[in-house]
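The values are calculated or read from the model by the stated rules, or taken from the named source; none is laboratory data. Quick caveat, the model's predicted, so the values are computed rather than measured. Note that each Cβ is placed from the backbone with ideal geometry, even for glycine, and that neighbours are counted across all protein chains shown. Only protein heavy atoms, including side chains, enter the accessible area calculation; ligands, DNA and RNA are left aside. Shrake-Rupley method; radii C 1.70, N 1.55, O 1.52, S 1.80 Å.
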Amino acid sequence: MFHVKREGPIDMPEALRHRLDRFAAILTRWNARINLVSPRDLPHLWDRHIADSLQLAALVPPGARLADLGSGGGFPGLIIAIATNADVTLIESDQRKAAFLREAARAAGARVTVLARRIEDIDIPPVQVVTARALAALPQLLEWSSRLLAPNGFCLFLKGRNVDDELTSTAADWHMAVSRLPSRTNADGTILKLGEITRVRHSERATGS
């Protein structure tokens, strides 16, 4: 489909590039009114945000339904929707950011549902994949994600240099299968793929098993 290079241009079909260009143009306009990305990041929008999010698209199974937590400026959920045509629910409690997501999705031709509510208030059918980027520490992400996932579903989280500490902090409360992939856009970044997520029972905590 496409390949995200660590340095240099992003190789992708021309039609996809046009759709992402439309997204980037709308984000740039809206960013003057609401804080979607840091103004210092705008000149590096493709490398730091779009390419970073595109890494996850190749990990999404065909036909999967996704929920993206704290979608903000559209990273990674809207970018995944544009790149894969997956059915993505974008969850963003900020009403202005939710309005941006709807307009950007229309312009880019992405099939998304935008829910302008708090994550803990969301009630949707179970999804196969939950995604998030730069939103919260791993224990909180698992708390939110566990009730949204279908059986055999998994999470894709973009994490930074503190990923080992975050994984350690979850061990007392969660069982999960962990796969780690190095980020191709951030030397300190890691893509976490987490499946078989279950909460540790009180009896297990007591016995340390």
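Observations
- Heavy-atom accessible area for ILE50, with the other protein chains in place and a 1.4 Å probe, reaches approximately 0 Å².
- Helix 95-108 axis, angle to the chain major axis (alpha carbon atoms, nearest 10°): 60 degrees
- Taking every protein chain into account, the accessible area of the chain amounts to 49 square angstrom per residue (probe 1.4 Å).
- Compared with the dominant principal axis of the Cα atoms in the chain, helix 14-30 is inclined by about 90°.
- Theoretical gain in end-to-end length, ALA58 to ALA177 [0.36 nm per residue, Cα-Cα removed]: 40.9 nm
- Residues LYS193, LYS159, LYS97 ordered from highest to lowest accessible area at a 1.4 Å probe: LYS193, LYS97, LYS159.
- Within segment 127-166, backbone nitrogen closer than 18 Å to the virtual label 7 Å beyond the Cα of ASP188 toward Cβ: 133-138, 158-166
- Protein accessible area in the chain, 1.4 Å probe - carbon and sulfur %: 50 percent
- Its Cα gyration tensor gives segment 50-162 an equivalent ellipsoid, and the semi-axes of that ellipsoid, as √(5λ) in whole Å with the largest first, are 18, 16, 15.
- Stokes-Einstein D in µm²/s, Kirkwood radius over Cα pairs - segment 100-159 at 25 °C with 0.890 mPa s viscosity: 190 µm²/s
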